[in-house]
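These notes concern the structure reproduced below.
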Amino acid sequence: MNATEPKPTEEILESLADAKSVFIVGCSGCPVGCDVGGEKWVDEMTAAVRGAGKDVTGSALIELLCNKALVGIKLGRIVEQVTAAEAVLVGSCGVGVQAVGNMVARRTVPALNTICLGDYQGLWPGEERCGECGECVLAYTGGLCPITLCAKSLVNGQCGGTGDNGECEVSPDHPCGWKKIYDRLKELGRIDDMRRMIDPRDARKRAIPDAIRRTTRYALEVSEQEDPAPASEE
Amino acid sequence: MSKLQQQLEAGKFVVTGEIGPPKGTNIEPVLHEAEEYLKDNVAAVNVTDIQTAVMRLGSMALCHMLIDRGIEPVFQMVCRDRNRLALQSDLLSAAALGIENVLALTGDHVVMGDHVQATPVFDLDSVGLLAAISNLEAGTDMGLDIKGNPNKLDGVPKFFKGCCTTPCSPTPEAQMIKLEKKVASGAQFVQTQAVYDPGAFENFMKMIEHIKVPVLVGIVLLKSAGMGKYMNRSVPGVQVPDQIIQRLTDAPKEDRAKVSVEIAAEIIRQVRPICQGAHLMTLGWDHCVPGIIKQANLT
Ligand code: SF4
Ligand code: SF4
């Protein structure tokens with residue numbers, strides 16, 4: 001199971017500060033197991049966003065946001081509602097937020113922090129990955145994860161190692177994550193997001209909380225995977 | 001206040017040098033070079049921190065030995081090898097040893113070096129490290145006490161804080177934004193990655209006009225045409241123009257060092273009006289430093 005926890009509502013509204021209109025997508029897959037996804041969540045978020053004086057152009061609940069075909073079909077049907085919004089608020093793990101960002105040309109803002117995927121990257125076939133950092137910064141990185149895309153997991157922008165062809169210093173085959181983020185932000189017209197100061201990470205948030213480790217669902221999901229991560233690690 | 005800071009504040013065009021600690025304990029040769037060729041010619045000498053992730057003697061120890069010999073060091077610190085506990089502790093140690101200048105860097109990735117199996121740390125990035133230094137100077141560390149207040153220090157360090165930027169990066173705007181963040185986090189001076197193209201450097205300097213900190217242009221001495229080609233191929237954010245490589249190719253072997261010095265001095269002369277100093281990285285050819293300074297008319 002992908003363990004997520006909700007970000008404080010103030011933090012979500014802060015990351016939506018300059019968006020006048022918002023589309024809301026919930027994932028009713030894994031998050032529901034953590035009591036954070038689902039219809040109730042979509043309703044609560046809709047109320048909170050409206051309460052902050054913003055227009056909610058629509059909302060959708062998708063069983064598994066990491067399922068590319070499903071997301072395509074569902075969002076395809078209501079594409080005007082999505083594109084009418086300046087930002088898309090996504091209630092899912094980091095993979096789902098990036099999946100939505102990959103499919104719609106809109107800024108995607110995470111509503112949850114991903115604590116643990118047990119290395120499970122859902123059904124998403126693309127290269128977007130989540131490193132389970134527990135402090136999701138996708139709101140400021142063009143919906144692309146710097147933890148997994150940058151070889152040094154830098155959070156405040158690129159180092160001096162970006163090559164002329166946009167490759168990272170570690171290998172010609174590794175595209176610089178921050179070059180990708182920069183290009184995406186440029187596309188979205190949101191370069192200023194790079195100016196956001198991101199605090200040093202809290203390493204504790206990466207550890208799987210014992211309460212989650214003890215759930216049956218966690219045990220089942222982990223044992224279902226081909227290459228299970230031993231529960232004693234971390 | 002460090003000599004480096006004084007000279008920059010006085011508006012002088014400042015020159016800094018750089019040495020790399022040895023792999024092993026044989027420190028005499030590098031100290032001798034520093035005394036012989038750098039001491040009377042530069043304001044301060046950077047000491048690299050496990051440069052390119054190749055294991056060697058530590059920067060802090062060599063900085064301390066430079067102070068003993070009357071040479072002012074710039075203590076380079078990378079984020080690759082230490083977490084925030086060790087970085088802050090080393091900053092306090094450095095201050096206690098009389099080190100006044102610190103250069104905060106991200107650091108090359110572990111896989112660039114000779115211990116590719118090691119854990120890359122990057123607990124802080126360069127922006128976070130600068131903020132941590134500023135914090136220490138304000139008397140607190142990054143930790144919290146039981147009540148949730150920042151821990152207070154018993155004795156507070158003071159540094160002249162520097163950072164790096166890559167003017168000829170393929171994404172100069174991204175470099176500029178990161179530089180803004182570094183300065184907002186406390187950086188007081190900049191030493192750049194190697195510059196060979198004065199035009200590209202000038203464009204970058206225009207772009208960062210709004211960032212009010214002194215910039216020392218990075219000059220890496222090109223020892224041969226082969227090195228120039230290697231840099232074009234393998235060093236990110238560095239472009240050596242063909243015409244410079246050609247000059248080195250054409251130079252007879254015995255004149256090569258002379259041509260290298262000429263090239264470095266020419267670049268400095270060209271960019272001098274638009275920056276506040278030059279950081280000379282001679283990669284072991286410290287004996288060339290006096291020649292560069294003279295030919296660049298900096299004496
Ligand atoms: S920033 Fe990356 S690693 Fe952290 S939660 Fe978001 S997607 Fe996952
Ligand atoms: S080159 Fe890019 S991906 Fe590689 S470490 Fe630097 S910022 Fe990260």
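For the structure I just gave you, tell me whether B:Arg247 is open to solvent by 50 Å² or more (accessible area, probe 1.4 Å) and in contact (Cβ under 8 Å) with a residue 24 or more places away in the chain. It is false that B:Arg247 is open to solvent by 50 Å² or more (accessible area, probe 1.4 Å) and in contact (Cβ under 8 Å) with a residue 24 or more places away in the chain. Consider A:Gly161 carefully, then state whether it is more than 8 Å from ligand 1 (Cβ to nearest atom), within 13 Å of chain B (Cβ to nearest Cβ) and in contact with an Asp or Glu (Cβ under 7 Å, 6 or more places away or on another chain). In short, yes.
The residue of segment A:160-174 that is least open to solvent (accessible area, probe 1.4 Å), among those that are in a strand (DSSP E or B) and touching a residue at least 12 places away in the same chain (Cβ under 8 Å), is A:Cys168.
Of the residues making up segment A:75-130, just one is within 11 Å of ligand 1 (Cβ to nearest atom), in contact (Cβ under 8 Å) with a residue 40 or more places away in the chain and open to solvent by 20 Å² or more (accessible area, probe 1.4 Å), namely A:Gln121.
If the condition is being modelled with pLDDT of 95 or more and either of a type outside the set (Lys, Arg) or crowded, with 22+ Cβ neighbours inside 10 Å (or both), then segment A:196-208 contributes A:Met197, A:Ile198, A:Asp199, A:Pro200. Of all the numbered requirements in (1) over 22 Å from B:Ala44 (Cβ atoms); (2) polar (S, T, N, Q); (3) open to solvent by 30 Å² or more (accessible area, probe 1.4 Å), B:Ser134 misses one, and that requirement is (1).
Tell me whether segment B:53-65 contains one or more residues that are surrounded by fewer than 23 Cβ atoms within 10 Å (Cβ to Cβ) and within 14 Å of chain A (Cβ to nearest Cβ). Taking every residue of segment B:53-65 in turn, at least one turns out to be surrounded by fewer than 23 Cβ atoms within 10 Å (Cβ to Cβ) and within 14 Å of chain A (Cβ to nearest Cβ).
Out of curiosity, is B:Arg256 assigned to a helix (DSSP H, G or I), touching a Lys or Arg at 6+ places or on another chain (Cβ under 8 Å) and open to solvent by 50 Å² or more (accessible area, probe 1.4 Å)? Yes; evaluated as a whole, the condition is true for this residue.
Counting the residues of segment B:227-237 that are assigned to a helix (DSSP H, G or I) and either open to solvent by 10 Å² or more (accessible area, probe 1.4 Å) or within 16 Å of ligand 1 (Cβ to nearest atom) (or both) gives 7. Across segment B:212-226, a minimum of one residue is classified as free of Cβ contacts under 8 Å to residues at least 60 places away in the same chain, closer than 26 Å to B:Glu72 by Cα, open to solvent by 10 Å² or more (accessible area, probe 1.4 Å) and more than 12 Å from chain A (Cβ to nearest Cβ). For A:Asp193, the conditions (1) surrounded by fewer than 23 Cβ atoms within 10 Å (Cβ to Cβ); (2) within 15 Å of ligand 2 (Cβ to nearest atom); (3) more than 9 Å from every other protein chain (Cβ to nearest Cβ); (4) at pLDDT 95 or above all hold with the exception of (2). The residues listed here are B:Ala174, B:Ala138, B:Ala131, B:Ala184; of these, the one that is of a type outside the set (D, E, K, R) and under 25 Å from B:Ile219 (Cα atoms) is B:Ala174. Listed residues A:Asp43, A:Asp35; which is among the charged types (D, E, K, R) and outside any helix (DSSP H, G or I)? Checking each option against the conditions leaves just A:Asp35. In summary, strands (runs of 3 or more DSSP E) completely within segment B:66-170 and bearing 2 or more residues that are under 20 Å from B:Val54 (Cα atoms) and either of a type in the set (Val, Ile, Thr) or modelled with pLDDT of 95 or more (or both) occur at B:73-78, B:101-105. Could you go through segment B:200-210 and let me know if any residue there is farther than 30 Å from B:Pro252 by Cβ, among the polar types (S, T, N, Q) and open to solvent by less than 30 Å² (accessible area, probe 1.4 Å). No, the conditions are met nowhere in segment B:200-210.
For segment A:147-157, state whether one or more residues are crowded, with 18+ Cβ neighbours inside 10 Å, within 12 Å of chain B (Cβ to nearest Cβ) and in contact with a strand residue (DSSP E or B) (Cβ under 7 Å, 6 or more places away or on another chain). Looking for residues that are crowded, with 18+ Cβ neighbours inside 10 Å, within 12 Å of chain B (Cβ to nearest Cβ) and in contact with a strand residue (DSSP E or B) (Cβ under 7 Å, 6 or more places away or on another chain), one finds at least one in segment A:147-157, hence yes. Among the residues of this structure, A:Val137 does not count as one that is open to solvent by less than 40 Å² (accessible area, probe 1.4 Å) and within 11 Å of ligand 2 (Cβ to nearest atom).
Annotation for segment A:86-108: no member residue is within 14 Å of chain B (Cβ to nearest Cβ) and modelled with pLDDT of 85 or more. With respect to being under 15 Å from the mean Cα position of the chain (by Cα), within 12 Å of chain A (Cβ to nearest Cβ), without any contact (Cβ under 8 Å) to a residue 60 or more places away in the chain and within 15 Å of B:Gln76 (Cα to Cα), B:Thr192 falls outside the description.
Restricting attention to segment B:1-29, the residues that are of a type in the set (A, V, I, L, M, F, W, C), under 18 Å from B:Gly70 (Cβ atoms) and open to solvent by 20 Å² or more (accessible area, probe 1.4 Å) add up to 2.
Kindly indicate which of B:Gly113, B:Gly98 is among the small types (Gly, Ala, Ser), closer than 20 Å to B:Ala43 by Cβ and open to solvent by 10 Å² or more (accessible area, probe 1.4 Å). Step by step, each of B:Gly113, B:Gly98 is checked, and only B:Gly98 is among the small types (Gly, Ala, Ser), closer than 20 Å to B:Ala43 by Cβ and open to solvent by 10 Å² or more (accessible area, probe 1.4 Å). For segment B:171-199, the set of residues classified as open to solvent by less than 20 Å² (accessible area, probe 1.4 Å), part of a loop (DSSP other than H, G, I, E, B) and under 30 Å from B:Gln243 (Cβ atoms) consists of B:Thr171, B:Val195, B:Tyr196, listed by residue number.
The values are calculated or read from the model by the stated rules, or taken from the named source; none is laboratory data. Computed from a predicted structure; not experimentally measured. FYI the Cβ positions are ideal-geometry reconstructions off the backbone, even for glycines, and counts take in every protein chain you see. The accessibility values were calculated without ligands, DNA or RNA, using every heavy atom of the protein model including side chains. Shrake-Rupley method; radii C 1.70, N 1.55, O 1.52, S 1.80 Å.
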